[in-house]
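> Attaching a single structure in structure tokens format; questions to follow.
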Amino acid sequence: MRQIAKPLVFAACLLPALRLAAGAFHVAGVSLGADPVAALLHTCGRWTLNFLLITLCMTPLRDITHSVGWLRFRRMFGLFAFFYALLHFSVFLLLDQAGKLHAVGHEIVKRPYITLGMLALLLLIPLALTSTAKAQRRMGRRWTRLHRLIYAVALLGVWHFWWQVKKDIREPILYACGLALLLGYRLWKRRQSMAHISVARFARTDGA
Amino acid sequence: MRRARNPSVTIVPSDITPEARYLSRRTLLAGGLGLAALQAVGRFSRPAMADTAAAGPGALTFTRNAAFSPAEAPNSYRDITTYNNYYEFGTDKSDPAENAQGLRIRPWSVTVGGEAEVTGSFTIEDILKPHPLEERVYRLRCVEAWSMVVPWIGFPLGDLLKRFKPTSKAKFVEFKTLYDPKQMPGQRSSVLEWPYMEGLRIDEAMHPLAIMAVGLYGKALPNQNGAPMRLIVPWKYGFKGIKAIVGIKFTERMPRTAWAEAAPNEYGFYANVNPAVDHPRWSQASERRLGGGLFDSRHPTLPFNGYAAEVAGLYSGMDLRRYF
């Protein structure tokens with residue numbers, strides 16, 4: 001079971017991309033609807049956010065279930081977030097803007113929501129590059145610090161989504177709530193452990 | 001009524017409509033018989049099937065107004081009837097086609113009020129009876145920067161409004177959509193303020209390009225496209241085209257309109273298609289023409305959606321950046 005869990009999860013993570021590919025090339029009756037470019041753009045964007053939040057779920061799940069098994073999947077989920085973010089950007093660059101770099105540059109500078117999205121993608125790049133076990137070993141504590149960037153990426157991503165929605169912000173609100181919960185949990189845990197440390201220190205001075 | 005002498009559109013009627021549609025066109029009078037047929041098709045069979053055929057129930061009798069039809073090929077019936085912004089039935093483009101099928105479009109009445117000599121409540125049959133229907137193939141430019149080409153069936157809005165003899169105080173016309181959260185599930189959430197309201201300046205409303213549409217592709221309008229009667233103002237963003245109209249009011253002051261009310265810095269009363277005035281959050285300089293597929297690049301957006309020759313005069317001397 002342990003051996004096949006990872007490939008299975010990997011395949012499941014690819015499903016949204018496969019469905020989009022089927023729709024784009026009209027395979028097996030799958031269709032992307034009247035505006036296929038928008039469908040590709042929005043679906044990839046959504047799955048980027050989904051995978052960012054899923055990645056952020058692993059640590060709380062470890063704590064709740066007292067099982068470190070979850071962390072085995074964290075890197076894969078994080079890399080899938082990067083994969084869908086790259087697809088999202090590629091669709092924007094190559095299909096929506098027809099590969100016109102000056103137009104894309106202009107949009108990135110002029111539209112605050114695109115600036116945010118672009119920034120989130122850029123911040124994901126060092127995380128993807130240092131995602132190997134080797135890099136993790138070599139960087140030690142610096143790795144942990146660097147990978148806290150995912151909090152910023154997720155914030156920027158949700159904000160990017162919120163800002164581009166025309167009016168119905170119910171979905172961005174859902175993502176924002178999910179993210180608030182996941183980040184809030186980390187703040188709460190940090191406070192708990194800080195309190196622990198000060199109690200421990202106090203106990204030590206008391207003992208001495 | 002003023003007729004545009006030099007329409008800015010090239011006319012190649014044979015390009016636009018498959019011949020089969022002419023051959024299969026059925027004769028229905030615009031009176032009781034036709035309306036009974038209209039009523040009979042409140043519910044459409046799978047819209048996907050009927051890309052071209054205008055035969056069968058719901059076929060309308062109309063003439064083509066080639067003067068106002070562009071050379072561009074219209075989008076498929078499927079695209080036009082499954083990709084809709086109609087928040088009364090949900091905010092996803094596919095929601096209206098799913099959720100609007102239960103809307104009862106008969107009996108239907110329209111209340112006419114305000115600064116006019118003839119006011120009161122009229123049945124939809126009374127509203128439609130005197131107007132011969134014509135087909136106009138119009139570009140539809142959504143404020144979200146996508147566009148379609150739609151073969152509407154309708155009649156000039158001005159012809160309808162004149163029947164109510166608006167007084168000299170009638171400077172604007174206000175339109176109202178049905179408010180019925182039971183039938184329109186989207187109205188149970190407060191995405192917009194309900195009922196949906198729209199408005200035009202009286203001279204805009206009287207312009208021959210502005211129409212009331214009751215059909216598309218030769219057939220009665222599907223519910224998701226605004227049945228039984230909706231507004232089409234082709235030189236303005238699509239949201240001006242209010243659907244399922246139950247109220248018309250002539251007013252002296254500028255009416256409130258749904259989107260301008262929801263986000264006044266993003267949507268104005270005029271909402272003329274204008275590539276030079278961006279939406280605060282996205283560019284209006286270009287548009288994605290639906291139906292072009294994955295690799296169809298963006299098309300440049302034209303001032304007044306390509307109808308500048310006909311309508312730019314309505315706004316001479318106005319700062320269109322301010323009155324967006």
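> Compute a Gaussian network model of chain A, connecting alpha carbons closer than 10 Å, and tell me which residue from A:137, A:148, A:75 fluctuates the most.
The residue that fluctuates most here is A:137.
> To continue, here is another question. Cut-off 10 angstrom, C-alpha nodes, Gaussian network model of chain A. Which of A:25, A:92, A:51 fluctuates the most?
A:25
> Could you list A:171, B:72 in order of exposure, starting from the residue whose Cβ has the fewest other Cβ atoms within 10 Å?
A:171, B:72
> Also, quick follow-up: Which residue fluctuates most in the GNM of chain A (Cα springs below 10 Å): A:20, A:52, A:146?
Checking each option, the largest mean-square fluctuation is seen for A:146.
> Shifting gears a bit: Enumerate the helices in chain A for which the Kyte-Doolittle hydropathy averages -1.0 or more and the C-alpha atoms extend at least 30 Å along the helix's axis, using complete DSSP H runs.
Helices meeting the span and hydropathy rule in chain A are A:2-24, A:36-65, A:170-207.
> Now for a separate question. Between residue B:117 and residue B:314, how high is the FRET efficiency from 1/(1 + (r/R0)^6) when r is the Cβ-Cβ distance and R₀ = 25 Å? Nearest 0.05.
According to the calculation, E is roughly 0.50.
> Still on this model: Neighbour counts of other C-beta atoms within 10 Å: give me B:191, B:311, B:214, A:199 arranged from fewest to most.
With the sparsest Cβ surroundings first, the list reads A:199, B:191, B:311, B:214.
> Now a separate question. Starting from the Cα-Cα distance between residue A:9 and residue A:94, subtract it from 0.36 nm times their residue separation and give me the gain in nm to one decimal.
Roughly 27.7 nm would be gained on extension.
> For every helix of n ≥ 4 consecutive DSSP H residues, a contribution of -39,500 (n - 2.57) applies; sum these over chain A, divide by its total residues, and give [θ] at 222 nm rounded to the nearest 500 deg cm²/dmol.
Mean residue ellipticity, 222 nm, calculated: -27000 deg cm²/dmol.
> From the square roots a ≥ b ≥ c of the eigenvalues of the alpha-carbon gyration tensor of region B:13-314, which class results: rounded (a/c under 1.5), prolate (a/b over b/c), or oblate?
rounded
> Give me the distance in nm between label points sitting 7 Å out from Cα along the Cα-to-Cβ direction at residue B:179 and residue A:67, one decimal.
Here the modelled spin labels are 5.3 nm apart.
> Computed over the Cα atoms of region A:88-208, what is the ratio Rg over Rh, Rh following Kirkwood?
That ratio is 1.15, to two decimals.
> Let me ask something else about it. At each listed q (0.05, 0.13 Å⁻¹), what is the log10 of I(q)/I(0) that the Debye formula gives for the protein assembly as shown modelled as equal alpha-carbon point scatterers?
-0.26, -1.29
> While we're here: Write down the percent of antiparallel bridges among all DSSP beta bridges whose residues are both part of region B:13-314, to the nearest 5.
Rounded to the nearest five, the antiparallel share is 85 percent.
> Could you give the nm distance between label points at residue B:126 and residue A:186, where each point is 7 Å from its Cα heading toward the beta carbon?
Here the answer is 6.6 nm between the modelled labels.
> What is the count of Lys pairs in region A:2-207 whose alpha carbons sit under 21 Å apart, if the two are 8 or more places apart or on different chains?
Going through region A:2-207 pair by pair, I get 4.
> Right, another one. Roughly speaking, what is the stretch gain from residue A:46 to residue A:125, that is 0.36 nm per residue apart minus the C-alpha to C-alpha distance, in nm to one decimal?
26.6 nm
> Ranked by Cβ crowding within 10 angstrom, fewest neighbours first, how are A:54, A:125, B:242 ordered?
So the residues, fewest neighbours to most, are A:125, A:54, B:242.
> Would you list which aspartates and glutamates come within 20 Å of residue B:169, measuring only between C-alpha atoms, while excluding same-chain residues fewer than 8 positions from it?
B:115, B:117, B:159, B:198, B:203, B:204, B:252
> Which value, in Å³ per residue, describes the convex hull spanned by the Cα atoms of region B:211-324?
That works out to 149 Å³ per residue.
> Turning to a different aspect of this structure: Determine the percent antiparallel among the DSSP beta bridges restricted to the protein assembly as shown, to the nearest 5.
Counting only bridges with both partners in the protein assembly as shown, antiparallel ones make up about 85 percent.
> Could I get the Rg over Rh figure for region A:2-207? Both from C-alpha atoms, Rh via Kirkwood, rounded to two places.
Rg/Rh for region A:2-207 comes to 1.04.
Computed from the coordinates by the stated procedures, all read-outs in this text should not be read as laboratory data. Everything numeric here is computed off the predicted structure, so don't read it as measured data. Reconstructed Cβ throughout: ideal geometry from the backbone, glycine too, with neighbour counts over all protein chains shown.
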